[in-house]
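Participant: One structure is given below, represented as structure tokens, and several questions about it will come after.
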Amino acid sequence: MPIAQLISPRQLAARLEQPGLVVLDCRSALEDTDYGQRSYAEGHIEAAHFADLGRDLSAGVVRGQTGRHPLPDAAQWLQRLRSWGLNADSEVVLYDDGPGAYAARAWWLLVWLGKREGVYLLDGGLQAWHAAGLPLSLDPPPSEPGHFSGEPDPDLWITARQLQARLGQQGLTLIDARAAARFRGEVEPIDPVAGHIPGAQCAVFTDNLGADGRFLPAEQLRERFAALLDGRPVSELVAYCGSGVTACHNLFALCLAGYPLGQLYAGSWSEWITDPQRPVATTLTGR
């Protein structure tokens, strides 16, 4: 079974009564930390639990040491998954408003703990759900706990020190999911330093989607990542972004394209720049 799978709104609607199904609402907004919880309270897909980016999908920020969304403590994340009813054989559907970045972060965290089968992203997210004329619910989700047992896989992510040691190596493919202007260092609306990690390629995560907001066909995604890899092994690919969220969208799309999962630089740009000794590149400096 592929590690990355999509489900359509109609397919999900037909499965909502399926025993063991776990649905997670991952809506969030970087500029409004209460947006997700507020939106969830106003209506969500039936039986969905709310997965908060800051409280569930990330750990607390350590100023000057971590990025904006550090990986959550594995034991706490596991406990949270169990509270939502997750078992080893559960099917899981993840959604956000549409682009899929926050849902992909939850997907990566599930894979990180070993849940690699039966996990789906709602293709097109809640935008596609609305377009299909499907209803939302105000009812609370089921509360029966699950018994999923998992262990974090250290090989799926890389530290800043490990990445810095690999910069300049011929086999490395480093992709940055942020918008092109942020990558080039022309603007930086979130973090205090503009630019990108030297040697990175700009791979804007929304380019994984078509005009309808759904993922491109696997063949087109494969062409996209083949161009980025340029013959280098996918085992050497590292994805990053601003804080380790939208990079997961690129990793999900990579797997949709039929490639094995690359590594995540979880701290990403917001962690990289906490150390002024780490190199920074822009289109202005070329460094």
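Participant: If I fit a long axis through the Cα atoms of helix 101-112 and take the longest principal axis of the Cα atoms of the chain, what angle between them do I get, 0 to 90°, rounded to 10?
Facilitator: In the chain, helix 101-112 runs at an angle near 90 degrees to the longest axis.
Participant: Let me ask something else. When Lys and Arg each count +1 and Asp and Glu each count -1, what net charge do the other residues less than 15 Å away from residue 59, Cβ to Cβ, add up to?
Facilitator: Cβ neighbours under 15 Å give a net charge of +1.
Participant: What number, rounded to the nearest 500 deg cm²/dmol, is the helix-based mean residue ellipticity at 222 nm of the chain, given -39500 (n - 2.57) per DSSP H run of at least four residues and division by all its residues?
Facilitator: -8000 deg cm²/dmol
Participant: Mind pulling the angle between the C-alpha long axis of helix 218-229 and the longest principal axis of the chain? Nearest 10 degrees, somewhere in 0 to 90.
Facilitator: Result, in degrees: 20.
Participant: Provide the packing ranking of 106-112, 59-65, 4-10, 218-224, i.e. peptides ordered by the mean count of other C-beta atoms within 10 Å per residue, highest first.
Facilitator: Working: 106-112: 24.1, 59-65: 11.0, 4-10: 18.3, 218-224: 15.4.
Highest to lowest by the protection proxy: 106-112, 4-10, 218-224, 59-65.
Participant: In percent, what relative contact order does the chain have, based on Cα pairs under 8 Å that are 6 or more apart in sequence?
Facilitator: Working: 580 pairs, mean separation 62.7, N = 287.
22 percent.
Participant: Can I ask one more? When the chain is treated as a GNM, springs tying every alpha-carbon pair under 10 Å, which of 248, 26, 202 comes out with the largest mean-square fluctuation?
Facilitator: The residue with the greatest mean-square fluctuation here is 202.
Participant: How many angstrom lie between the Cα centre of the stretch 191-226 and the Cα centre of the stretch 129-169?
Facilitator: 19 Å
Participant: Counting only other residues whose beta carbon sits under 11 Å from that of residue 8, what net charge do I get with K and R as +1, D and E as -1? Mind showing how you got there, number by number?
Facilitator: On the way: positive: 10, 15, 214; negative: 123.
Counting the neighbours of residue 8, the net charge comes to +2.
Participant: What's the angle, to the nearest 10 degrees (0 to 90), between helix 74-83's Cα axis and the longest principal axis of the chain?
Facilitator: In the chain, helix 74-83 runs at an angle near 20 degrees to the longest axis.
Participant: In nm, give the distance between the simple-model label positions of residue 153 and residue 14, each being 7 Å from the Cα along the Cα-to-Cβ direction.
Facilitator: Spacing of the two 7 Å Cα→Cβ label points: 3.0 nm.
Participant: Right, here's the next one. Connecting C-alpha atoms closer than 10 Å in a GNM of the chain, tell me which of 66, 246, 159 has the biggest fluctuation.
Facilitator: Comparing 66, 246, 159 in the GNM, the peak value goes to 159.
Participant: Express as a percent, rounded to the nearest 5, the fraction of DSSP beta bridges in the stretch 155-272 (both residues included) that run antiparallel.
Facilitator: Details: 1 of 11 bridges.
Percentage antiparallel, nearest 5: 10.
Participant: Between 188, 144, 271, where does the largest GNM mean-square fluctuation fall for the chain, given springs only between Cα atoms within less than 10 Å?
Facilitator: 144
Participant: Between residue 283 and residue 206, what FRET efficiency comes out of the Förster formula 1/(1 + (r/R0)^6) with R0 = 22 Å and r the beta carbon distance, rounded to 0.05?
Facilitator: Values: r = 20 Å, r/R0 = 0.92.
With R0 = 22 Å, the Cβ-Cβ based efficiency is 0.60.
Readers should treat all values here as calculations from the given coordinates under stated rules, not as data from a laboratory. Note that the structure is a prediction, hence the values are computed from the model and not measured. Please note: Cβ atoms are built from the backbone with ideal geometry, for glycine as well, and neighbour counts cover all protein chains shown.
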